[in-house]
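Single-structure report; data block below.
The numbers here are math on the coordinates, done by the rules we state, and not lab data. All values reported here derive from a predicted model rather than from experimental measurement. Ideal geometry is used to build each Cβ from the backbone, glycine not excepted, and the neighbour counts take in all protein chains shown.
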Amino acid sequence: MSRNHWLVKQEPEAYSWNTFLQDGRTAWTGVRNYQARNFLRAMKEGDAVLFYHSVREKRVVGIAKVVRAAYVDPSASDGDWSAVDLVPVKPLVQAVALEAIKEEVTLQDILLVRHSRLSVMPLAPAQYRRILSLGKTTESLPNEG
């Protein structure tokens, strides 16, 4: 079974990687953009997720995994919104700044660069692996090639 790759963005002041590590699991709720919602709905259990600190830091800081596929977002009082559950896998050895991503020819087409306000986005396997490489992290999830 092939695994999909994603990137999720969060303001570290609202929910940081360190808080995520302490919690050990989180419901990824509060997404109120239709395109991002549709990406949440495409996430499957076992998919790999890069965790990105947005706003001031603007850098990929860790690797997570989807442990529960899309379900109705319990934080939504109206509308048709979805959430997924994520668990942290490990931090990147070296955080990967947005500027480094923008300078990388193989990453210039990712939505993080082209549609910077989107909070959930897919990554091609090669893009995911390149970001891991920039982060000096060679392995993410068990049995990942």
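Distances between placed amide hydrogens fall under 5 Å for VAL89 paired with ILE63, ALA64, LYS65, all partners being 5 or more residues away or on another chain. Here the Karplus relation 6.51 cos²θ - 1.76 cosθ + 1.60, evaluated at θ = phi - 60°, turns the backbone of region 82-90 into coupling constants of 10, 9, 9, 9, 10, 10, x, 9, 5 Hz, with x for every Gly and Pro. Listed by chain and number, the lysines placed with their C-alpha closer than 26 angstrom to that of LYS102 are LYS9, LYS58, LYS65, LYS90, LYS136; residues fewer than eight positions away on the same chain are left out. Helix 125-134 and the longest principal axis of the C-alpha atoms of the chain enclose an angle of approximately 60°.
Enumerate by residue number the trypsin sites (Lys or Arg not before Pro) in region 37-145 meeting two conditions: DSSP loop (anything except H, G, I, E, B), and at most 11 other Cβ atoms within 10 Å of the site's Cβ. Please list the in-between numbers first.
Numbers: sites: ARG37, ARG41, LYS44, ARG56, LYS58, ARG59, LYS65, ARG68, LYS102, ARG114, ARG117, ARG129, ARG130, LYS136; in loops: LYS44, ARG56, LYS58, ARG117, LYS136.
The qualifying sites are ARG56, ARG117, LYS136.
Over the residues of the chain, the helix contribution to mean residue ellipticity at 222 nm works out to -6500 deg cm²/dmol, using -39500 (n - 2.57) for each DSSP H run of at least 4.
Here's how it looks for GLU11: its modeled amide H is under 5 Å from those of SER54, which are all 5 or more places away or on a different chain.
Quote to one decimal, in nm, the extra length available between GLU45 and ARG25 on full extension: 0.36 nm per residue of separation minus the C-alpha distance between them. All intermediate terms of the calculation are to be shown ahead of the outcome.
Values: separation 20, 0.36 × 20 = 7.20 nm, distance 1.35 nm.
Result for the pair: 5.8 nm of gain on full extension.
Taking the Cβ of SER119 as the centre, find all other residues whose Cβ is under 12 Å away and add up their charges (Lys, Arg: +1; Asp, Glu: -1). Spell out each step's value before the answer.
Numbers: positive: LYS9, ARG32, ARG37, ARG117; negative: GLU11.
Net charge in that neighbourhood comes out at +3.
Considering only Cα atoms, the convex hull volume of the chain works out to 104 Å³ per residue.
Taking the chain as a Gaussian network of alpha-carbon nodes connected by springs under 10 Å, the highest mean-square fluctuation of the residues ALA14, ALA42, ALA83 belongs to ALA14.
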